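Report on the structure given below.
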Amino acid sequence: MIKKGMGRGVDLVYGELNVGEPMAVPLIREVKKQTRNDKTVLIDVPPGTACPLVASVYKSDYCILVTEPTPFGLHDLKITVEVLRELGVPLGVVINRAGIGDGEVYKYCKNEDIPLLLEVPFSRKIAELYSRGVPFVTEMPEWKKRFQQLFDEIGACR
């Protein structure tokens, strides 16, 4: 089911699957048909590298990969980078929970010439806000500027 809304100057289009409905790809295609080419479109993609990811990022101008600096994060990142490179989609990485794990994700990004766009620290305050459903940029305004800079940097890449 396709749903639409608007708020704070943002058009929102999203699809909902009922529990047990296995057809994410057709729903993703329908959501993408509702977008406008004259606007910036952000697509939140499910994790993994299955068909929903491919359908979501196909013909995208840019893809932000969010990972954690852990062996598991690195494993998934490598697979996703391979898929995106096959599709010809430019990409960059945001490190979530920076400060945990090891430095292997950073080494991989450097060796593969993948831009490191932003690091979000491992933070109790961010985790508490997230657990309450509060975007941390609303309570930590210094982050709003950093995300705006990220958005501007990506726009310059297009």
> Looking only at the range 118-158, which residues are in contact (Cβ under 8 Å) with a residue 12 or more places away in the chain, acidic (Asp, Glu) and within 24 Å of residue 101 (Cβ to Cβ)?
Replying inline: 119
> In the range 39-79, how many residues are among the hydroxyl-bearing types (Ser, Thr, Tyr) and farther than 19 Å from residue 119 by Cα?
Replying inline: 5
> Looking at (1) among the polar types (S, T, N, Q); (2) over 29 Å from residue 129 (Cβ atoms); (3) surrounded by 17 or more Cβ atoms within 10 Å (Cβ to Cβ), which is the one condition that is false for residue 67?
Replying inline: (2)
> Quick check, is residue 38 charged (D, E, K, R), exposed (fewer than 11 other Cβ atoms within 10 Å of the Cβ), in contact with a helix residue (DSSP H, G or I) (Cβ under 9 Å, 6 or more places away or on another chain) and over 23 Å from residue 107 (Cβ atoms)?
Replying inline: no
> helices (runs of 4 or more DSSP H) wholly in the range 52-158 with at least 2 residues that are closer than 29 Å to residue 39 by Cβ and of a type outside the set (Lys, Arg) - which ones?
Replying inline: 71-87, 124-131, 136-139, 142-157
>> Take the residues in the range 107-117 that are touching a residue at least 12 places away in the same chain (Cβ under 8 Å) and out of contact with any strand residue (DSSP E or B) (no Cβ under 7 Å at 6 or more places or on another chain); name whichever of them is surrounded by the fewest Cβ atoms within 10 Å (Cβ to Cβ).
In response: 112
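Computed from the coordinates by the stated procedures, all read-outs in this text should not be read as laboratory data. Bear in mind the structure is a predicted one, so any value in this text is a computation, not a measurement. As a convention, Cβ positions derive from the backbone with ideal geometry for all residues, glycine included, and neighbour counts pool all protein chains shown.
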